[in-house]
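Structure, as structure tokens:
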Ligand SMILES: Cc1cc2nc3c(=O)[nH]c(=O)nc-3n(C[C@H](O)[C@H](O)[C@H](O)COP(=O)(O)OP(=O)(O)OC[C@H]3O[C@@H](n4cnc5c(N)ncnc54)[C@H](O)[C@@H]3O)c2cc1C
């Protein structure tokens with residue numbers, strides 16, 4: 001069973017129409033994460049059937065700092081996890097497990113493509129701000145496919161957080177989640193990017209309905225499958241049950 005850990009909310013800020021940026025201080029030990037990883041929050045809310053609502057949130061702050069960390073959460077309708085994260089007050093303790101995840105830097109050389117949809121930007125920000133990723137200093141194209149500038153954290157915040165001299169960041173307007181034209185638009189964007197320069201590794205995060213087909217496209221274009229990292233936040237075709 002995963003170890004239950006605690007962190008205290010030290011700051012909470014609203015962003016856009018439905019995002020909340022939370023800063024936490026760890027209680028008793030350092031977090032011990034690598035940029036790109038996530039934690040699983042135990043909301044303590046009992047769902048129908050008696051299971052507790054536990055939800056994953058990627059750490060968007062830099063792994064240079066291990067005693068404080070940041071999460072950004074989009075409110076999803078009446079969803080128990082995101083609403084809990086929008087309610088939690090400064091001073092309250094958060095119960096979580098982790099860090100978890102294999103969305104980790106590939107330290108071999110060559111150009112890199114980082115593609116996030118929607119809230120998937122958090123995992124890519126954590127990755128891009130991480131020590132190992134920055135040390136390899138390879139040319140990096142960052143594409144964020146997102147509905148609008150007030151859908152989640154603003155593009156200016158994402159751009160400012162990255163600030164890598166070898167990274168080019170572009171935020172591209174996306175049709176809403178579930179729109180039938182969404183995949184074709186994302187594929188066209190990736191085709192344009194790899195037409196200009198084929199990456200040697202790629203990081204894809206966010207909507208599983210988009211990033212899995214994008215991986216196929218990259219493999220067809222000659223990118224080795226084992227050099228493509230995926231982190232599906234929702235519509236994950238590989239996941240039938242949530243932990
Ligand atoms: C590895 C990982 C990291 C994640 N990191 C973040 C993060 O940093 N910030 C964040 O806001 N969320 C993140 N999520 C999503 C998060 O875990 C929850 O799924 C989300 O907060 C909704 O939970 P809920 O209980 O409020 O709603 P639920 O009732 O559980 O969710 C309702 C439905 O919305 C889907 N959904 C989740 N996110 C979106 C979205 N952006 N757009 C459309 N549908 C969505 C869910 O899959 C579900 O089908 C991450 C998920 C994973 C697997």
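Within region 35-84, how many residues turn out to be assigned to a strand (DSSP E or B), within 18 Å of the chain's Cα centre (by Cα) and more than 7 Å from the ligand (Cβ to nearest atom)? Spell out how you get there, then give the answer.
Initial filter on region 35-84 (assigned to a strand (DSSP E or B)): 38-46, 52-58, 68-74.
Still in the list and also within 18 Å of the chain's Cα centre (by Cα): 38-41, 54-58, 68-74.
Still in the list and also more than 7 Å from the ligand (Cβ to nearest atom): 39-41, 54, 68-70.
Of the residues in that region, 7 qualify.
Could we say that residue 25 is modelled with pLDDT under 95, more than 10 Å from the ligand (Cβ to nearest atom) and either assigned to a strand (DSSP E or B) or in contact with a strand residue (DSSP E or B) (Cβ under 6 Å, 6 or more places away or on another chain) (or both) here?
Working: modelled with pLDDT under 95: no; more than 10 Å from the ligand (Cβ to nearest atom): yes; either assigned to a strand (DSSP E or B) or in contact with a strand residue (DSSP E or B) (Cβ under 6 Å, 6 or more places away or on another chain) (or both): yes.
No, not satisfied.
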If you go through region 151-165 one residue at a time, how many are more than 17 Å from the chain's Cα centre (by Cα) and exposed (fewer than 13 other Cβ atoms within 10 Å of the Cβ)? 2
Any chance region 85-101 includes a residue that's modelled with pLDDT of 95 or more, within 13 Å of the ligand (Cβ to nearest atom), surrounded by fewer than 16 Cβ atoms within 10 Å (Cβ to Cβ) and within 20 Å of residue 11 (Cα to Cα)? yes
Residue check: is residue 133 buried (at least 21 other Cβ atoms within 10 Å of the Cβ) and touching a residue at least 60 places away in the same chain (Cβ under 8 Å)? yes
Please list, ordered by residue number, the strands (runs of 3 or more DSSP E) wholly in region 121-218 having 2 or more residues that are within 16 Å of the ligand (Cβ to nearest atom) and in contact with a helix residue (DSSP H, G or I) (Cβ under 8 Å, 6 or more places away or on another chain). 140-146, 201-207
Are any of the residues in region 220-239 in a strand (DSSP E or B), surrounded by 15 or more Cβ atoms within 10 Å (Cβ to Cβ), away from the ligand (no atom under 16 Å from the Cβ) and in contact (Cβ under 8 Å) with a residue 60 or more places away in the chain? no
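The values are calculated or read from the model by the stated rules, or taken from the named source; none is laboratory data. All figures in this text were calculated on a predicted structure; none of them were measured in a lab. FYI the Cβ positions are ideal-geometry reconstructions off the backbone, even for glycines, and counts take in every protein chain you see.
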